[in-house]
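Take a look at the structure set out below.
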Amino acid sequence: MIRKNVYTGTPWERSVAYCRAKRVETLIFVSGTVAIDAAGSVIGAGDLYVQTKYAIEKIENALRELGAELRHVVRTRTFVTDISQFEQFARAHREAFEGIDPVATCVEVKALVAPELLVEIEVDAVLVPDAPDY
């Protein structure tokens, strides 16, 4: 049975007891991902579009470590702190997932783990070997 975890080394992984992403056979789950770089700095403070793009790039990197790509994503769940800025999120999501068209949820939340963060995204993917692109 294939079972693999991806860790990034952030202090939160240890203190909360979680991993960035997990693959079990053909299923891949990526934890809630925010626009914080490896040094712990927020990327794109005040800019939902930039934060969304950065979070999706981090998700893509985790997927690659597990042998998958964005095209394997079947579901996205997004949490934003200001739904009135939805179009900024939607533009970045569309740029990454147009043609893949995963099922998607976007909800407004009161706050994320740091006040500068505007968006958190998690994804589920299915890796089907030898399947045509979809």
Within region 56-90, considering residues that are more than 18 Å from V103 (Cα to Cα) and in contact with a strand residue (DSSP E or B) (Cβ under 8 Å, 6 or more places away or on another chain), the one surrounded by the fewest Cβ atoms within 10 Å (Cβ to Cβ): I83
Single residue of region 60-92 satisfying the filter (charged (D, E, K, R) and assigned to a helix (DSSP H, G or I)) that is farthest from T8 (Cα to Cα): E87
Qualifying residue in region 117-127 (condition: over 18 Å from V34 (Cβ atoms) and at pLDDT below 95): yes
Pairs, first more than 17 Å from E57 (Cβ to Cβ) in region 93-118, second of a type in the set (D, E) and outside any loop (DSSP other than H, G, I, E, B), C-beta under 9 Å, six or more apart: V109/E120; L112/E120; V113/E120
Count - residues of region 10-59 that are part of a loop (DSSP other than H, G, I, E, B), more than 15 Å from L117 (Cβ to Cβ) and either free of Cβ contacts under 8 Å to residues at least 24 places away in the same chain or of a type in the set (D, E) (or both): 5
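The values are calculated or read from the model by the stated rules, or taken from the named source; none is laboratory data. Bear in mind the structure is a predicted one, so any value in this text is a computation, not a measurement. Positions of Cβ are backbone-derived with ideal geometry, glycine not excepted, and every protein chain shown enters the neighbour counts.
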